[in-house]
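Report on one structure; see the data block that follows.
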Amino acid sequence: MGKVAISADSVSLTSEKAREYGFTLIPCPILMDGKQYLDTEIDMDKLYARLDTKENLPKTSTANAEEFLRYFAELGQEAEAILHICMSSVFSPQYNNALKAKELAGEKLPGKRIEVVDSGTIGIGVHFLAIEAAKAAAEGRNIDEVVQLVNGVIPRVTVLAARDTLFYYDKGGRVFEARTWAEAESATSFRSIVEVDASTGGTVKPVARAKTVAQIMDKLVEITKERANGNKLHAVIGHTRVPDRAEKLKEMLLSELKFDWLYIAEEGASVAVHNGKGLIDYAFSSRA
């Protein structure tokens with residue numbers, strides 16, 4: 001580990017993928033059947049089986065300040081400074097809990113600098129920023145430079161989600177401006193694309209809809225082309241148990257646009273709770 005360690009809320013990728021991309025997840029609890037599990041350890045087959053019933057649904061919770069502090073202490077054993085990237089404070093108290101841990105660290109982890117960034121987004125958007133930060137840290141940039149880079153990327157990142165259903169998102173209270181689409185979905189067969197707008201702290205708004213998966217994929221590519229403005233991109237595609245769909249989107253994007261990097265990864269338990277199967281969670285930005 002270099003002089004700057006990167007961590008992020010466990011809101012998208014698995015812990016294995018996070019390590020592969022150079023950052024550490026701080027897990028969030030999941031409550032199911034009266035028991036608490038860490039989202040990085042829960043049995044995913046059992047979780048999806050419960051979600052498929054659409055009854056007695058699991059719920060996500062948050063890491064408290066003491067848990068953040070424990071992870072910060074572990075990261076601080078090998079790093080001079082730590083940058084933690086949180087999901088939008090609009091959705092969760094994670095950001096405030098991380099700030100409390102930073103304050104506690106001033107006494108319990110002397111000499112370690114900790115910075116906490118509110119990403120203004122959720123899901124794959126948070127881990128897109130963590131990947132950018134990890135790459136910068138691996139290049140030897142100091143904590144100020146890495147924080148500056150992340151804060152510069154936040155207003156430029158586009159986070160799009162295409163779901164087979166808005167049912168789980170609606171039940172989790174995260175639909176916001178897309179609520180009318182969620183309500184209409186049961187009476188129609190359309191599929192939707194919603195955007196998480198980091199400029200408003202993570203408001204979810206509808207941007208497109210279509211009848212088929214193929215049409216949705218075309219629209220994702222179309223939106224990307226419109227916003228790329230001919231620039232090279234960085235991107236990551238997350239999914240919940242639809243790897244063929246994710247690979248197809250990657251193929252379509254590479255045929256139309258240029259990327260410095262474009263990753264695919266299956267997403268973890270917290271994402272599954274709020275989306276079920278069939279999610280394509282896609283974040284991109286022009287390179288810094």
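With Cα atoms as the point set, region 3-117 shows a radius of gyration and Dmax of 15.2, 50 Å. Could you pull out the pairs from 59/100; 17/232; 17/112; 59/211; 225/250; 3/112 whose alpha carbons sit more than 19 Å apart here? In this structure, 59/100; 17/232; 17/112; 59/211 lie more than 19 Å apart at Cα. If you take the charge dipole of the chain about its Cα centre, with +1 on Lys and Arg Cβ and -1 on Asp and Glu Cβ, which of 196, 239, 127 is farthest toward its positive end? Going by the charge dipole, the pick is 196.
Assign one of three labels to region 55-179, namely rounded, prolate or oblate, based on the Cα gyration tensor with a ≥ b ≥ c the square roots of its eigenvalues; rounded applies when a/c is under 1.5, prolate when it is not and a/b is larger than b/c, and oblate otherwise. Oblate.
Using bins of 10 Å that start at zero, the share of Cα-Cα pairs per bin across region 34-73 amounts to 23, 47, 21, 9, in whole %.
Normalised per residue, the accessible area of the chain is 44 Å², obtained with a 1.4 Å probe and no contribution from ligands, DNA or RNA.
Judged by the gyration tensor of its Cα atoms, with axes a ≥ b ≥ c, the chain is oblate; a/c meets the 1.5 cut and b/c is at least as large as a/b. Database remark: amide H of residue 7 closer than 5 angstrom to the amide H of 24, 83, 84, 85 (H placed geometrically; neighbours at sequence offset of 5 or more, or on other chains; Pro and chain starts carry no H).
The values are calculated or read from the model by the stated rules, or taken from the named source; none is laboratory data. It should be emphasised that the depicted structure is a prediction, and the values quoted were computed from it without experimental measurement. Ideal geometry is used to build each Cβ from the backbone, glycine not excepted, and the neighbour counts take in all protein chains shown. Heavy atoms of the whole protein, side chains included, go into the accessibility calculation; ligands, DNA and RNA do not. Shrake-Rupley method; radii C 1.70, N 1.55, O 1.52, S 1.80 Å.
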